[in-house]
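Novice: A single structure is presented below for examination.
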Amino acid sequence: MVASLEPKTPSPVRYVLDAGHSAAEARRVAEEQGISRVFWLSQRESRLGWIGEQRRPVLPGLDAARDAWLAARPILLPGFVADDIPGHSQDIAQAASLMRAVLDGEDCEELLLQEPYAERLAPRFELLAATYDEGDPQEIVKIEFDVMQDDELIAENLWVKLSWLSYAEHDGSLRFRFSFGMESYEDVAADPQRQAYAAALTEALFPESAVISANTRLQHFLRDVLQGKELVYVERIVYFNAPDGGAQFHHDVERGHLGVVFAQLSGRTAWLTLSTEQLLDAIQHFLALPDADEGMAKTIKQKKTRDELVKLAADRAALAEYLNRHDNDPLEQLINRTPAFIRQLIERGHAYILNPGDIILLPQQDAAHCAWHAVYCLDDSPGEALSFAIRHAAT
């Protein structure tokens, strides 16, 4: 079982020092390891340590990418869209201005009624209304649109929802999610036409979306990896991961979707990502270590809770079921907040650093066969990224 902990091609990211050391100490140790720059890894006040990259990874071959996809493991494509970034520098700068305005408390609906957004939306997209869900503390606003053509209604109830990535007050991480219909009730995979219009709405507000959507090289690569027909990008999200923020471990499985393509446009992010099987292996391996209790003690305070987690994890089927539950706080604390566990994942080769122009592919077949992932900001200010679901084109 332990052998499957390590990917076939381990990442060049290294764990340099734990959080108790200074930046100067981390730089000294990193230099001894051939690492030119260190990064502080933290998320929502969990201080996880110092990391660095010994070298830039290389683009995988097609066979290696296919094998990784079938095994539900992440595929890093370093620099894959780097040449496309300069052509969208103004769009990326405009998106950063929008993000900062939202962080400053400005009304997003009012901002979208101004230039350059008003010109981008007209005459196809008609902004209808903004709604506010007081029962969801993460939601900032949902803005609804209709699609018009010569005064005729073509599609209705498209929306962009602006949300915080966490409940932490200091976390400025944002996401703009584009979709349609009633959340959690409507089967969006069953309506490819409105999915396409929601994608076009993303392009109107964030033209830098073309870095993914108009990239023929990426389309050909994905078709070769998946050995299938034409693909489309749906359920689009524009992310701004902020310092000490980002995303906790999760997957993005949704009916009708094959996986997710994520492109870093500005700033840097660190990723911990691995298949469901690898994550289950990693949890079981860690909890079987003689010093596991010591490693968890500062994160999971109650000894009884730690003992119960160790007992549960011994049953792999029970652990897999618990991993996919929403009320799994002890396990969530282990995989997201426990520095010793995070260190194990990094040392096993499951960490990646994304620079502008890098892409990472995340297979999402089902909950048992998908790439789980957590994301961390490595800069002093938020960076922009695109996260688009992949599905077969409608026939």
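Novice: Go through segment 343-363 and give me each residue that's crowded, with 21+ Cβ neighbours inside 10 Å and under 15 Å from the mean Cα position of the chain (by Cα).
Specialist: His350, Ala351, Tyr352, Ile353, Leu354, Asp358, Ile359, Ile360, Leu361, Leu362, Pro363
Novice: Exactly one condition in (1) farther than 26 Å from Asn336 by Cα; (2) in contact with a helix residue (DSSP H, G or I) (Cβ under 8 Å, 6 or more places away or on another chain) is false for Ala19; which is it?
Specialist: (1)
Novice: For segment 323-379, enumerate the residues that are among the polar types (S, T, N, Q), touching a strand residue (DSSP E or B) at 6+ places or on another chain (Cβ under 7 Å) and more than 26 Å from Tyr233 (Cβ to Cβ).
Specialist: Listed by number, the list holds a single entry, Asn336.
Novice: Then there's this: Tell me, which residue of segment 367-388 that is of a type in the set (A, V, I, L, M, F, W, C) and in contact with a helix residue (DSSP H, G or I) (Cβ under 9 Å, 6 or more places away or on another chain) is surrounded by the most Cβ atoms within 10 Å (Cβ to Cβ)?
Specialist: Ala371
Novice: Give just the number: which of (1) assigned by TED's automatic domain parsing to the domain that holds Phe221; (2) crowded, with 16+ Cβ neighbours inside 10 Å does Asp136 not satisfy?
Specialist: Of the numbered conditions (1) assigned by TED's automatic domain parsing to the domain that holds Phe221; (2) crowded, with 16+ Cβ neighbours inside 10 Å, the odd one out for Asp136 is (2).
Quick grid of which residues meet (1) modelled with pLDDT of 95 or more; (2) surrounded by fewer than 19 Cβ atoms within 10 Å (Cβ to Cβ); (3) outside the structural domain of Gly228 (by TED's automatic domain parsing); (4) in contact with a strand residue (DSSP E or B) (Cβ under 9 Å, 6 or more places away or on another chain):
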| site | (1), (2), (3), (4) |
| --- | --- |
| Ile51 | yes, no, yes, yes |
| Arg66 | yes, yes, yes, no |
| Leu70 | yes, yes, yes, yes |
| Pro74 | yes, no, yes, yes |
| Met99 | yes, no, no, yes |
| Pro116 | yes, yes, no, no |
| Leu121 | yes, yes, no, yes |
| Arg124 | no, yes, no, yes |
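Novice: Being closer than 23 Å to Phe178 by Cβ and part of a helix (DSSP H, G or I): is that true of Ala95 here?
Specialist: yes
Novice: Restricting to segment 325-338, and then to whatever is assigned to a helix (DSSP H, G or I), free of Cβ contacts under 8 Å to residues at least 60 places away in the same chain and not acidic (Asp, Glu), can you tell me which residue is surrounded by the fewest Cβ atoms within 10 Å (Cβ to Cβ)?
Specialist: Pro330
Novice: Taking segment 1-18 as the search range and keeping residues that are hydrophobic (A, V, I, L, M, F, W, C) and at pLDDT 95 or above, which one is surrounded by the fewest Cβ atoms within 10 Å (Cβ to Cβ)?
Specialist: Leu17
Novice: Sticking with this one: Is it true that Gly20 is in a loop (DSSP other than H, G, I, E, B), over 23 Å from the mean Cα position of the chain (by Cα) and farther than 30 Å from Met296 by Cβ?
Specialist: It is false that Gly20 is in a loop (DSSP other than H, G, I, E, B), over 23 Å from the mean Cα position of the chain (by Cα) and farther than 30 Å from Met296 by Cβ.
Novice: Here is a list of conditions, (1) under 19 Å from Leu70 (Cβ atoms); (2) touching a strand residue (DSSP E or B) at 6+ places or on another chain (Cβ under 8 Å), and Gln278 meets all of them except one; can you say which number that is?
Specialist: Failed condition: (2).
Yes/no per residue for (1) surrounded by fewer than 19 Cβ atoms within 10 Å (Cβ to Cβ); (2) touching a His at 6+ places or on another chain (Cβ under 8 Å); (3) outside any strand (DSSP E or B); (4) modelled with pLDDT of 90 or more:
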residue: Leu158; (1), (2), (3), (4): no, no, no, yes
residue: Ser163; (1), (2), (3), (4): no, no, no, yes
residue: Glu169; (1), (2), (3), (4): yes, no, yes, no
residue: Glu183; (1), (2), (3), (4): yes, no, yes, no
residue: Glu186; (1), (2), (3), (4): yes, no, yes, no
residue: Ala189; (1), (2), (3), (4): yes, yes, yes, no
residue: Gln193; (1), (2), (3), (4): yes, no, yes, no
residue: Leu201; (1), (2), (3), (4): no, no, yes, yes
residue: Ser209; (1), (2), (3), (4): no, no, yes, yes
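Novice: Let me ask you something else. Among the residues of segment 39-47, is there at least one that is surrounded by fewer than 21 Cβ atoms within 10 Å (Cβ to Cβ), touching a residue at least 60 places away in the same chain (Cβ under 8 Å), assigned by TED's automatic domain parsing to the domain that holds Arg223 and of a type outside the set (Lys, Arg)?
Specialist: Within segment 39-47 (the criterion being surrounded by fewer than 21 Cβ atoms within 10 Å (Cβ to Cβ), touching a residue at least 60 places away in the same chain (Cβ under 8 Å), assigned by TED's automatic domain parsing to the domain that holds Arg223 and of a type outside the set (Lys, Arg)), the answer is no, since none of the residues qualifies.
The values are calculated or read from the model by the stated rules, or taken from the named source; none is laboratory data. Every value quoted in this text rests on a predicted model; they were computed, and no experiment measured them. FYI the Cβ positions are ideal-geometry reconstructions off the backbone, even for glycines, and counts take in every protein chain you see.
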